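Reading through the structure tokens given below for one structure.
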Amino acid sequence: MQNISTYDFSGKKALIRVDFNVPLNENFEITDDTRMRAALPTIKKVIEKGGSPIIMSHLGRPKNGPEDKFSLKPLVAHLSELLGGATVKIAPDCIGDEVKAMAGDVQPGEVLILENLRFYKEETKGDEGFAAKLAENGDCWINDAFGTAHRAHASTAVISKFFPNDKMFGFLIESEVESLDKVVKSPKRPLTAIMGGAKVSSKITIIENLLDKVDNLILGGGMTYTFVKANGGNVGNSICEDDYLETAKNIEKLAAEKGVNLVMATDVLAADDFSQDANTQVVNAGNIPEGWEGLDAGPESIAKFKEVLENSGTILWNGPVGVFEIEKFAEGSKAIGDAIVEATKKGAFSLVGGGDSVACVNKFGIASGVSYISTAGGALLEYLEGKTLPGVAAVRGE
Ligand code: AMP
């Protein structure tokens, strides 16, 4: 495995797998270019060191071959603009003689975008012959698409075998992996994970995996009530997964066996309606009246969560502890965010990941106060579940 900072790109065509799966409106205008911006450091590095970036990406979900509405053409002018006016061309396809010739003609400092990889079903099937054809377009391969790193696709993993000595991570994937490893592999202790969100069922594999690693596990949000019910409490109308009562008991048992400090809400903010106009009352978590539902953590619970967080060396936050989209029930998640910022100021490493917690952090305007925000979705969750990511393993040669 090579390193992008030290690799000699001069005169080389660098095949870069990026995630340019950006949203487009009906006029094919980019409505959010975050993903393009995220890949810029890698693209710029190749250009700065005398190479030519050959960009590979998917866009949307084309079903049967090429479809105009999934073409990468609308990205060309914007990428050129983001690169300060660099020449950016687009190939009519991602493989084939014409594309190979175009890639061969690209001059140092110029960029060629290959057309949507998913116009070929071989891409998602991880077809080796297709990967070999993609590989013909470059001298080295850079994987900078963490969002698809959990997929063993042709361009994200299989292609690596054609570049045994010329493969590397881009800056984006490198920082994702380094940040995640700071949590999962070498955390500064105590390590605290806050898992929130609606359901136990969608988080169970991560929780089980984290029980082997964390010192403190704060479980909040809707999943609280499955635990409460499992322990004989009354949950009223709160969200509760009756099929997971055993699972909840088992998590508690495992946490005790492994010496993990499991922290859950003892009081909650209950409401008589799922709306900003609801009447609310703070009640004991195990004593929610009929017709009421727990929609946020109560003050005693928030204080407990804060104390644990502010004494942590490393923090992972995945999922809100209440219905943060509604102002009345956002207090708990906001307090978690503030406590993470405080801990980070005192030297803790904090990582926020998973769609809804990122939305929380943005809503509360505290993004700059946390150490790292991962936007990777599926890949992040699989990493936290303890799975090997094919797109990472392929680069490392594992
Ligand atoms: P997830 O995608 O599993 O992380 O779930 C996030 C969602 O969980 C958010 O939309 C929250 O509104 C929701 N949520 C958090 N706490 C509760 C709760 N007590 N009752 C219902 N939904 C909740």
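Here are a few things to note about the model shown:
- Count - residues of region 116-152 that are of a type outside the set (A, V, I, L, M, F, W, C) and either touching a strand residue (DSSP E or B) at 6+ places or on another chain (Cβ under 7 Å) or touching a residue at least 60 places away in the same chain (Cβ under 8 Å) (or both): 11
- Taken over region 318-372, the criterion of being among the β-branched types (Val, Ile, Thr) and touching a Gly at 6+ places or on another chain (Cβ under 7 Å) is satisfied by Val321, Val341, Thr344, Val361, Ile366.
- Residues that are outside any helix (DSSP H, G or I), within 16 Å of the ligand (Cβ to nearest atom) and open to solvent by less than 60 Å² (accessible area, probe 1.4 Å), drawn from region 329-387: Ala330, Leu351, Val352, Gly353, Gly354, Phe364, Ile373, Ser374, Ala376, Gly377, Glu385
- Extreme residue, surrounded by the most Cβ atoms within 10 Å (Cβ to Cβ), among residues of region 81-101 that are in contact with a strand residue (DSSP E or B) (Cβ under 9 Å, 6 or more places away or on another chain) and under 19 Å from Asn116 (Cα atoms): Cys94
- The set of residues in region 302-328 being open to solvent by 30 Å² or more (accessible area, probe 1.4 Å) and within 21 Å of the chain's Cα centre (by Cα) consists of Glu325 alone.
- Selection status of Ser71, crowded, with 18+ Cβ neighbours inside 10 Å and either polar (S, T, N, Q) or under 24 Å from Gly378 (Cβ atoms) (or both): yes
- Considering residues of region 158-169 that are open to solvent by 50 Å² or more (accessible area, probe 1.4 Å) and touching a helix residue (DSSP H, G or I) at 6+ places or on another chain (Cβ under 9 Å) only, the residue nearest to Thr226 (Cα to Cα): Lys161
- Filtering region 212-248 to residues that are among the β-branched types (Val, Ile, Thr) and closer than 30 Å to Lys188 by Cβ leaves Val214, Ile218, Thr224.
- Residue list for region 170-213, filter: away from the ligand (no atom under 11 Å from the Cβ), open to solvent by 10 Å² or more (accessible area, probe 1.4 Å) and not in a helix (DSSP H, G or I): Lys185, Ser186, Pro187, Lys188, Arg189, Pro190, Asp212, Lys213
- In region 214-234, the residues that are in contact with a Gly (Cβ under 9 Å, 6 or more places away or on another chain) and either buried (at least 24 other Cβ atoms within 10 Å of the Cβ) or at pLDDT below 95 (or both): Ile218, Leu219, Gly220, Gly221, Met223, Thr224, Tyr225, Phe227, Val228
- Scanning region 270-296 for residues that are within 11 Å of the ligand (Cβ to nearest atom) and open to solvent by 30 Å² or more (accessible area, probe 1.4 Å) gives Phe274, Glu293.
The values are calculated or read from the model by the stated rules, or taken from the named source; none is laboratory data. This is a predicted model, so every value here is computed, not measured. Note: ideal-geometry Cβ built from the backbone for every residue, glycine included; neighbour counts use all protein chains shown. To get the accessible areas, we keep the full protein, side chains included, count just its heavy atoms, and leave off ligands, DNA and RNA. Shrake-Rupley method; radii C 1.70, N 1.55, O 1.52, S 1.80 Å.
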